[in-house]
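Here's the structure we're looking at; comments come further down.
All of the numbers you see were taken from the coordinates with simple rules; none came from a lab. Nothing here was measured: the structure is a model prediction, and the numbers come from that model.
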Amino acid sequence: MELCGRRFDTGEPVGLDIVNGRISQVTPCTIDAQQAQEWPWIAPGFLDIQVNGYGGQEFSSPELTPEKVLETVRSFDAFGVVRCCPTVTTESLDVLEHALRTIVAACESSPEVARRVVGVHLEGPFITREDGPRGAHPLQHCREPDWDAFQRLQEAAQGRIRIHTMSPEFDGSSAFVRQVAESGVVVAIGHTAAQPSQIRRAVDAGARLSTHLGNGSHAQVHRHRNYIWAQLAEDRLTASMIVDGHHLPPDVVKTFVRTKTAERCILVSDISGQAGQPPGRYRSDFCDVEILPEGRLVVAGQRELLAGAALPIGPAIPNVMHFAGIGLTDAVRMAVHNPAELLGIDPGGLEPGSRADLVQFRLAEPPNGDAPARFELGATVIHGEVVWGALWQPHPRQPSPRTDSRSTQVSPPTRVDRPTRGASPKTGRQKPLSRGVTGQCRPPQAG
């Protein structure tokens, strides 16, 4: 298989030969600048470390089954997400155990799940009980840090918990953070009402991440002494951010990126189990939520308190570029390389030998420069197979990468237009009214 496009990091038009799930050869293509602008971008597929579910299914649910895990993680193919951390949020310990055991069972029974899931993100239950920073997490299940309870959950997960979000506001939090960190789990600070001194002690004990910084917080905090400033100023903390246009204003995104630098920022979707459904009110295992017409997901009955996200990670790429004034290279690294570095895993790449977990996409510029570009996903490739969409190939009038004099192989380009999952058997293109090529959540067909 051959995948063509402009490299996200250099802008160079290339062709990638893919054999046995890996890139076997990268061939530059010499074309003029105007032709190059017609080529889509190619990059390693996205790694989303905070995904709560999709299409009415939460991972943190007593009804979760291995089949539902497979269906949910496959749904992320339509968003360019090739690997993820299913996120299990605050619930009773029994429900959390069930969810973790079910995710393990899905990984063990399905190679598709095993390829996509790099670990579990446990968000809670050791978080604040205060309204505001607690967010949509159910009050009755929020509790103080408990090492024995964490070990019980990690045993259910068979060691697959890779990230744990907790609040360091409680007595004994530093000792708990140290124990979790020394067990090899990334400790993240989130849903907290901690004082700046408690933030610093948690970082000294081993905390490394701020979970969706700027969200899961009080509507009003002290202008100087607060947990947002404390985390923003702490160079040892990487900050994950939800840059969907709803969770953080553009000037806040710009300030966070400028302060942390792109090297210490991670893009996450925090996509909710209610995402992918039409606007309306829904009952979840946590609370009633409402999807507003503009795509904002809130706790039902008001418009300020968010209940997760309804948009995938793709649109965050052009959003953070526009809001923070950074380039495509840094934006992609925030969705691929930085989360991989946090977890200590290979991010993938566009070099020979790299895993063929890739995305091909376009950034459609708006009519004026006052808005972000629109993210348009063309195809998602996992282990060398097109799992969503259809690959773009050069028009016959444009030279194929294989005709470049620097190529060591000579063969005609092949068009990959076979039907893929969710595609029309006649055209090989994704059916509408599901999850469109823009990467935006589309309402499912009624019935």
Relative contact order of the stretch 192-296: what whole-number percent is it, with Cα pairs under 8 angstrom and at least 6 residues apart? 23
Beyond 30 Å, how much of the Cα-Cα pair distribution for the chain remains, as a whole percent? 42
Under the span-like rule (Cα at least 20 Å along the axis, Kyte-Doolittle mean at least 0.5), DSSP H helices of the chain: 93-109
Hey, what number do you get for the chain at 222 nm if only DSSP H runs of n ≥ 4 count, each worth -39500 (n - 2.57), divided across all residues, to the nearest 500? -7000 deg cm²/dmol
Whole-number percent relative contact order across the chain, with pairs defined as alpha carbons under 8 Å at least 6 apart: 20
Long-range share for the stretch 155-307, i.e. C-alpha pairs more than 21 Å apart as a percent of all pairs, stands at 50
